[in-house]
Each structure stands twice: as structure tokens, then as C-alpha cells.
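Derivation of every value follows stated rules applied to the coordinates shown; laboratory data play no part. These figures come from a predicted structure and were not determined experimentally. No Cβ is skipped: glycine too gets one built from the backbone with ideal geometry, and neighbour counts run over all protein chains shown.
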Amino acid sequence: MSKKLLALTGNDAAAYAMKQINPDVVAAYPITPQTSLMEKFAQYVADGEIDTEVVLVESEHSAMSACVGASAAGARVMTATSSQGLALMWEVCYIAAGYRLPIVMPLVNRALSGPINIHCDHSDAMGIRDSGWVQIWSENAQEVYDNLLQAIKIAEDPEVMLPVMVNYDGFIISHAIENLFVYDDAETKSFVGEYKPKYMLLDAKKPVTFGTFDLTDYYFEHRRQMAEGMRNSKKVISRVAKEFSKICGREYGFLEGYKLDDAEVAIVALGSTVGTARAVVDELRAKGIKAGILKIRVFRPFPEEEIAASLKHLKAIAVLDRADALNAVGGPLFDEVRAAFYNKSNIPLVNYVYGLGGRDMGLDDIKRVYSEVSEVAKTGKIKDLVTYLGVRD
């Protein structure tokens, strides 16, 4: 049975999920806006509510290094970071995936420097999108909590064995207070289960080696195995979502549509902006405008076929990116959504880069997107392929 808790921030929700998971080891370093997450979790440990070994380190690079060592030794391991902290982890994040270690990390999304900025955008997660980590995105604090509980089972599944990051918007979700449902400790413990690693460094009867020099004779094969783990994660994500629905009554998927079935135009987005867009869609629907939304929950593995199928009936699509790929042709989400339609459809797609460094994305901004994409739908002509929404000239 679930119970309702009041006045939890997104970071509180993440810490509560981690408490119920009760990992063996958490190694982390504080960074805004992640800091209060680890403070809350450390308080649970200090109060004796859980028996996690919290490892205090001198940097995020050291945090992920400690996580790699603990996970290789057979422990259930979690950490958390943001922005420059993730950038400092970069090298070791690739190693975690390459060693097939099921580390789970809440990533509180924040702009990368420079110039220095502490507010939300998605440049941190997008920068590491091809590292071999599964990526799940959250629209609100409830999804932060729910996604973390599912992430553990996804990461540790024998067919996957890859690290998972659960993304949520810095300050907008991490520090905003919401009501959310959390679930009974016993039910949650049963759902998460016990981690039983197949290989671990501390098993003297089955000795294994991690970190060997992988030259031309084996490197290619090991990378191919990582790719297979990512492919396998699609069916595991779906299976775990069905199991989780028995606890919470909600079933998660790779995508979530809002008033999309009969829509003529739609936006595609990640994270908290979807919640703002829902209000705009309701307003436009009241005026007879057939607008819709497609929220992408799982970005890695990228649900290409599901996206194309969900949007195939539309007249025009706008993809919202809270990061700029700096490739002169649009944002990272836009590039991949557009690629999903290659050889499948001639629906015009346009890109809006927005909210960099935490700049607000208001109702009027989203109304502008729907107005412009509706014009594209009518004329079939794209005036600007990429628009920087809300930037001053």
C-alpha cells in the first residue's frame, strides 16, 4: 500500500528512494544542486535507519572511482552528481559502463561551464549520452522516486549489466516542493530484491580480472557486448515497468503522449518543461487547436521506432532541446528525433533550443512554439530550422 508524504523536494524524493534501496556503498561529492540530496541521505545513515557505507571523497572523479571499485567487488552501489561534477567523472563513467557495472546515479541536471552557471539545462547529460549509461528522465519529483526504484532492477538485470542515470531538472525539480506517493518499505524491498553479482573481485573461488589493457584482439568484442546490453535493456525496462505498476498502479513506458492521438501538431520534450506544456495544450484545445505533447522518458536506449510510430500522423513537429549540440544544425534531441524519421516520413520537424543556464520557459514561449509549428503544418515550409527561444538579440 502507498502512503502520501507532503512537502518533499525532488532531492528529498531521490534520497528517500535511495534509503529504501539501502545500497551497500554510496560514494559522492557535493555539488549544487545535488548537495541537499546527499545531505538528506547521509542523515538517514547517521540516524541508523540504513546501513549503507558512505564514502567521503575529495572529488567527483574519486567518487566514481570508488563506486567502480565497490561495484567490481560485488556491492550494490549508488552515487549522485551534477554538471561539472559529472564532467570530472567523465573518464570513470566510461570505465563503469565498459566494466559492465550496474551503478545507479541520480543526475541533477545543471548547465556545464563556461561561463560558470549553477542553474538547469541538459548539457551535462547530453554530453555523456554515448558513454554506455542507460538514461531515464523525470518530469517531477514523483517520477524521480519511481524511476530510481526501477533503475536498480534495470541496471542489475543479467541481460543488461550497465550503469543507469536518472535525470531531473536542477532547482526546478530538485528544490521544488511537491506532494508525492511513496510505497511501503517491505513492498519496495521485495520489488528491488537482493543484488547477486555473477562476478566479483572478492570471490576467491572464481577469480576475475578488471581493468586489463584491451588491445586490438579484444576491445572491439567488448564494446560490441556493451551495445548488446543496451539493446537488451529495452525489454528489461518494459518488464520492470510492468512489475512496478503492481506497486504503484502506474505503468511507465519509453514515452508518454498527452492529447497526442488526434493531434495535428506536437512538441517533443524531456523533463519538467512537459508539465508546463500540458497547461498550454489544454488552453489550445479549448480554442479548437489540435495540439499534443510527446514526452521522452527513456533517452538511452533511444526509442527510435516508438517515437516514429507515435508521431507519424502529425502535420508538423517541434522538438525542444534544453542543450545545444554546438554542431550548427540543432540540439541533440532534435538530431536523434529527426533521424528516427529517416526513410519513414516527410513530416517537417523544427528545433527550439531553450532554457540554457536556467532561463525560464514560460507559457508564452510554448504558445509561440505551437503557433509557429502550426504555420509549418499549414504551409509545409520551414522558415527557421533551429530557433533559439527566449535569447536576446
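Is any residue of the stretch 69-90 close enough, with backbone N under 19 Å, to a label point placed 7 angstrom from the Cα of I116 along the Cα-Cβ axis, and if so, which?
Answer for this model: 82-89.
Among V108, V386, C67, flag the residue with its Cα farthest along the positive direction of the charge dipole of the chain, charges on Cβ as +1 for Lys/Arg and -1 for Asp/Glu.
V386
Please tell me which of these pairs span more than 32 angstrom C-alpha to C-alpha: K234/K259; K234/K344; K287/K381; K3/K242; K205/K246; K259/K383?
Listed pairs above 32 Å: K205/K246.
Need the full-extension length gain, D47 to D130, defined as separation in residues times 0.36 nm minus the C-alpha distance. One decimal, nm.
Working it through step by step, the gained length comes to 26.0 nm.
Loop only per DSSP, at most 10 neighbouring Cβ atoms within 10 Å: give me the trypsin sites (Lys or Arg not before Pro) in the stretch 339-393, ordered by residue number.
Those that pass, being in a loop and sparsely packed, are K381, K383, R392.
Rounded to a whole number of µm²/s, how large is the Stokes-Einstein D of the stretch 255-389 at 25 °C and 0.890 mPa s, given Rh as the Kirkwood radius over C-alpha pairs?
Roughly 168 µm²/s, to the nearest whole number.
Calculate one ³J(HN,Hα) per residue across the stretch 277-283 by plugging θ = phi - 60° into the Karplus curve 6.51 cos²θ - 1.76 cosθ + 1.60, and present them in order as whole Hz with x for glycine and proline.
Result, rounded to whole Hz: 5, 4, 5, 5, 4, 4, 5.
State whether the stretch 180-263 is rounded, prolate or oblate according to the following rule on the C-alpha gyration tensor (a ≥ b ≥ c being the square roots of its eigenvalues): a/c under 1.5 gives rounded; otherwise a/b larger than b/c gives prolate, and the remaining case gives oblate.
oblate
With charges set only on the Cβ (+1 for Lys and Arg, -1 for Asp and Glu), what does the dipole of the stretch 267-393 come to about its Cα centre, in debye to the nearest 20?
380 debye
Among I289, Y258, L314, whose Cα sits farthest toward the positive end of the charge dipole of the stretch 247-316 (+1 at Cβ of Lys/Arg, -1 at Cβ of Asp/Glu, about the Cα centre)?
Value: I289.
For the stretch 309-393, which chymotrypsin sites (Phe, Trp or Tyr not before Pro) are both in a DSSP coil and crowded by at most 16 other Cβ atoms within 10 Å?
Y342
Can you tell me how the stretch 41-84 classifies by the Cα gyration tensor, rounded, prolate or oblate, using a/c under 1.5 as the rounded cut?
Cα axes put the stretch 41-84 in the oblate bin.
Explain nothing, just the number: relative contact order of the stretch 255-389, from Cα pairs under 8 Å at least 6 residues apart, as a whole percent.
Computed over the stretch 255-389, the figure is 27 percent.
Percent relative contact order of the chain, based on C-alpha pairs within less than 8 angstrom and at least six residues apart?
Relative contact order here is 16 percent.
If the chain between T216 and D364 were fully stretched, how many nm would it gain, using 0.36 nm times the residue separation less the Cα-Cα distance?
47.8 nm
Report the extension gain between A309 and E91 in nm, rounded to one decimal, defined as 0.36 nm multiplied by the number of residues separating them, less their alpha carbon distance.
Contour length minus Cα-Cα distance gives 74.9 nm.
In debye, nearest 20, what is the charge dipole magnitude of the chain about its Cα centre with +1 on Lys and Arg Cβ and -1 on Asp and Glu Cβ, if you could check?
Dipole of the chain, to the nearest 20 debye: 1040 debye.
If you keep only loop residues by DSSP, which chymotrypsin sites (Phe, Trp or Tyr not before Pro) in the stretch 147-239 have at most 15 other Cβ atoms within 10 Å of their Cβ?
For chymotrypsin sites (Phe, Trp or Tyr not before Pro) across the stretch 147-239 that sit outside H, G, I, E and B with at most 15 neighbouring Cβ atoms in 10 Å, the list reads Y199, F213, Y218.
Taking the Cα centre of the chain as the origin and placing charges on Cβ (Lys, Arg +1; Asp, Glu -1), which of M361, I21, V208 is farthest toward the positive end of the dipole?
M361
Which whole-angstrom value gives the distance between the alpha carbon centres of the stretch 215-241 and the stretch 286-308?
25 Å
In the stretch 255-389, what percentage of the DSSP-assigned beta bridges are antiparallel, given to the nearest 5?
20 percent
Pop a pseudo-label 7 angstrom from the Cα along the beta-carbon direction at both L385 and D282 and give the gap in nm to one decimal.
It is 3.7 nm.
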